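Structure first, then comments.
Here, each number is a calculation from the coordinates, and none is a lab measurement. Predicted, not measured: the structure shown is a model, and the values here were computed from it. Note: ideal-geometry Cβ built from the backbone for every residue, glycine included; neighbour counts use all protein chains shown.
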């Protein structure tokens with residue numbers, strides 16, 4: 001039996017929306033809060049800061065969770081990469097990296113790849129919780145952007 005590697009989380013999804021619409025949903029705080037954190041601040045430039053707050057109602061925990069980071073790379077409609085550090089979960093104090101890659105595969109079709117890296121085998125709980133969370137949020141992003149494009153959820 002091969003042990004599971006706990007270093008990289010990768011999610012691939014095809015979204016029925018243009019790359020510019022998907023990219024906007026990643027960098028526009030008003031759009032971000034429709035599918036991701038409850039509060040979002042993002043400075044969309046290399047070295048820019050990010051701040052996300054997930055309310056306790058969303059986390060189903062006793063308190064809200066805050067994530068801070070710094071943008072490492074930003075290529076409009078292609079890539080957004082930033083550090084990710086929970087400031088409210090001491091056991092998750094390790095800084096990891098989240099990268100969103102977008103590829104236009106049709107006029108209004110985008111392949112989105114999310115890579116969350118920097119975990120180790122010692123980070124299994126953090127890895128598992130993020131892996132589950134990213135499944136949820138990538139689907140919410142898809143639903144948000146496709147609803148925005150089509151005006152309905154159909």
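For the chain, what is the mean residue ellipticity at 222 nm derived from helices alone (per DSSP H run of n ≥ 4: -39500 (n - 2.57); sum divided by total residues; nearest 500 deg cm²/dmol)? Walk me through the intermediate numbers first.
On the way: 4 runs with 47 residues, N = 154.
Computed ellipticity for the chain at 222 nm equals -9500 deg cm²/dmol.
With r defined as the distance between the Cβ atoms of residue 135 and residue 89 and R0 fixed at 22 Å, what FRET efficiency is calculated, to the nearest 0.05? Walk me through the numbers before you get to the answer.
On the way: r = 19 Å, r/R0 = 0.87.
After rounding, the FRET efficiency stands at 0.70.
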What does the extension gain come out to for residue 30 and residue 73, with contour length at 0.36 nm per residue minus their alpha carbon separation?
13.4 nm
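For a test of the definition: using alpha carbon positions, the gyration tensor, and the 1.5 limit on a/c, classify segment 1-83 as rounded, prolate or oblate. Present the calculation step by step, with values, prior to reporting the outcome.
Details: a/c = 1.44, a/b = 1.06, b/c = 1.36.
It is rounded, given that a/c, with a ≥ b ≥ c, falls under 1.5.
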In 10 Å bins starting at 0, how do the alpha-carbon pair distances of the chain split up by percent?
11, 40, 36, 12, 1
